[in-house]
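Chemist: Structure below; questions to follow.
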Amino acid sequence: MLKRLFVVFFLSLATNSFAQNPIKKERDSAQIARDSIKKAEFLKNIGNGYLPIGFFDLDLRYLIKFNQFEGFRTGLGGITNKSFSESYRVNGYLVYGFKDKRYKYSIGGGFRVNEDSDTWINLAYTDDLQETGSSTFLTDKRFFTFFEPRLLNIDLFHRHITKSIGLQHKISNHLLSETQFETSKINPTYNYSFNLDNRSYNTFDLSTAKISLQWSPFSRFELVKNKVLEIRNGYPKFTLQVTQGFKSVFGSDFNFSKIDFRTVEQFHHKNDAITNITLVAAIAGGETPLTHLYHAYPNNITKETILQRFSVAGLNSFETMYFNEFFSDKFSTLQIKHYLRPFRISDRFKPQLVLISRYALGDMKSINRHQGITFNTLEHLYSESGFEINKLLFGFGLSFAYRYGGYHLPNFEDNIAFKFTFNISL
C-alpha cells in the first residue's frame, strides 16, 4: 500500500509541477491551445489508469497488487493508443504471483468497423484467475483505483483459460451495447466439485454468450470539436446483462442462463449533500457451477477479534459479511449512501461524513450440487449500517459498520467491522 501511495504522490507532484510551469510569452495562442489539449489528455489518461508512453499506454492496474492466494502480484500491461492507430489496437499483460508461483497473461486486440457508432470487434486470449462468485458488466466503463480494498483478503479463485470475441457498439449516445462469445476451461483452485446427473466435475469447460446494455437516459451530450462528449452525468442509470451457457458447443459441459441488472440513482441536495442509491438484482438458472453464481461482495475476514479483522473498507462491499459466507443463484442488494457536505476545517483539511445502509436477500436451489465447500444462503434479509469519515489524512479515513437483522451473530463483536477507508483521485 505504501508503494501505491508513493506512486500517487509522485504522479500528483509531477502533474502539479507540469501544470505550474509558466508559459513563455512568445508562444502563440495556437501553441498554448495545443499544450492545454495535451495536458488535459494526459490527466484524463492518468485518471483512467494509463500512463502514456509514446504509442503505448502503460496500464497501471498491473504494476502491483496483493491477495491471499497469489500474495504479491506484479507485472506489466497496456494498450496501444491513437498514435499507433485509430482503427486498430493491441492490448495485453503479463503478471506473476509470488505465493502461487505462476505467471498469468492475456493478449488481445481489436479493429474498428465504424467510427460514428464507435463499433469495434475485439479478440482476446487469457490465462488468469477470477474470484469465484464475482460478476461484472461488459459495458461498465473502466474503473480504476490505485488501491483495491477487497482484493487484499480474497482467497477463493478459479483459474480460467478463455478465448473470446466481442462486438462493442454504441446504439446511441444514451445506449451502449457489448456482445461477447467465449469458451473457457475452468479449474477451481480450492476443493470443489459440481455434481450433476450422477457425475462429479472438478474441472469443466464452458461456452457462453453475453449481451450487455447500458442506458443513461438523462445524461446530456454535445458535439465538441467533432467529438461527442458527455457534459452532464445524468441519473438514474440502468445496466442489463444476459448470459447463456451452451452445452456441447465447443465441448461445453453445461446449459445455464443468467440475468444481471443494476440501477444507480443519485440525488443532489441544496446543502451540497448527495444521496446515492444502488440496486443490484441477478438470477442464474440451469446447470450453473458455483464459479459462475453470486456472492454479495463481502469484505470481512474470518478472525476472532475486531482488531484482527481491521483492514480497508471497499467501495460497494458488505463490510460485516465474511468472505465465502454466502452464495446465491438469485439475489438482490440495496445500498444507500448519504454524503454530507464536507467539513471545511481548513483549505486542505475537509473530512466528509458518509452514512451507509446495505441490505441483501437471496436463495439457492439445488445446493447439494456444490460439494467440498460450506456456505450459507440469504433467504432472510441481511442488514448492516454504519458510517465513514473520509479524507482525514492523505486520503485515509475510518469506517464503522454493524450487522443486524436476520443474520445477526450471537457474539456481539462478530457483528462489528472497523476499518480504514482510502479515497484519492487524480
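A short reminder: the numbers here are calculations on the coordinates, not readings from a lab. As the structure is a prediction and not an experimental result, all values here were calculated from the model. Neighbour counts are summed over all protein chains in view; Cβ atoms, including those assigned to glycine, are modelled from backbone coordinates with ideal geometry.
Chemist: Measuring from a point 7 Å past the Cα of Leu240 along Cα-to-C-beta, which residues in region 206-224 have an amide N at less than 19 Å?
Modeler: Correct set: 209-219.
Chemist: State, to one decimal in nm², a quarter of the convex hull surface area for the C-alpha atoms of the chain, i.e. the direction-averaged projected area. Don't skip to the end; give the middle numbers.
Modeler: Details: hull surface 91.7 nm².
For the Cα atoms of the chain, the hull's average projected area reads 22.9 nm².
Chemist: Could you list Tyr88, Tyr93, Tyr297 so that the one with the fewest beta carbons within 10 Å of its beta carbon is first and the one with the most is last?
Modeler: Fewest-to-most ranking of Tyr88, Tyr93, Tyr297: Tyr88, Tyr93, Tyr297.
Chemist: What's the FRET efficiency of Thr203 with Leu94 using the Cβ-Cβ distance as r and R₀ = 22 Å, to the nearest 0.05? Before the final figure, lay out the partial values.
Modeler: Details: r = 24 Å, r/R0 = 1.09.
The value I calculate is 0.35.
Chemist: May I pose another question? For Gln68 paired with Asn233, estimate the spin-label separation in nm (one decimal), with each label point 7 Å from Cα along the Cα-to-Cβ line.
Modeler: So the two model labels end up 3.2 nm from each other.
Chemist: Could you give the semi-axes, largest first, of the ellipsoid that matches region 165-317, computed as the square roots of 5 times the alpha carbon gyration tensor eigenvalues and rounded to whole Å?
Modeler: On the way: eigenvalues 251, 141, 31 Å².
After scaling each eigenvalue by five and taking roots: 35, 27, 13 Å.
Chemist: Shifting gears a bit: If you add up the charges near Glu388, with Lys and Arg at +1 and Asp and Glu at -1, over every other residue whose beta carbon is less than 11 angstrom from its beta carbon, what do you get?
Modeler: Values: positive: Lys337, Lys391, Lys419; negative: Glu319.
Result for the neighbourhood of Glu388: +2.
Chemist: Going by how many other beta carbons lie within 10 Å of each one, how would you line up Glu70, Glu413, Glu325, fewest first? Mind dumping the intermediate values first?
Modeler: Details: Glu70 24, Glu413 12, Glu325 19.
With the fewest neighbours first, Glu70, Glu413, Glu325 line up as Glu413, Glu325, Glu70.
Chemist: Also, quick follow-up: Just want the ordering: Val113, Val95, from fewest to most Cβ atoms lying within 10 Å of their own Cβ. The partial results should precede the final answer.
Modeler: Numbers: Val113 14, Val95 22.
Arranged by neighbour count, lowest to highest, Val113, Val95 become Val113, Val95.
Chemist: On full extension of the chain, what length is gained from Thr377 through Lys163, given 0.36 nm per residue of separation minus the C-alpha to C-alpha distance?
Modeler: Between Thr377 and Lys163, full extension yields 73.8 nm more.
Chemist: What is the sum of charges, Lys and Arg at +1 and Asp and Glu at -1, for the other residues whose Cβ falls under 11 Å from the Cβ of Asp272?
Modeler: Numbers: positive: Lys270, Arg341, Arg344; negative: none.
Value of the local net charge: +3.
Chemist: While we're here: For Phe267 and Phe396 in one chain, what is 0.36 nm times their gap in residues minus the Cα-Cα distance, to one decimal in nm? Could you put the intermediate results ahead of the total?
Modeler: Values: separation 129, 0.36 × 129 = 46.44 nm, distance 2.52 nm.
In short, 43.9 nm is gained.
Chemist: So the label point goes 7 Å from the Cα of Asp140 along Cα→C-beta, right? Which residues of region 219-238 then have their backbone N under 15 Å from it?
Modeler: Within reach of a label on Asp140, which here means backbone N under 15 Å from a point 7 Å along Cα→Cβ, region 219-238 contributes 238.
Chemist: Which three extents, in angstrom, do the Cα atoms of region 64-213 have along their principal axes, listed largest first?
Modeler: 49, 40, 24
Chemist: Dipole magnitude of region 116-422 about its Cα centre, charges +1 at Lys/Arg Cβ and -1 at Asp/Glu Cβ only, in debye to the nearest 20? Present the calculation step by step, with values, prior to reporting the outcome.
Modeler: On the way: 32 positive and 30 negative charges, 184 e Å.
Around 880 debye, computed over region 116-422.
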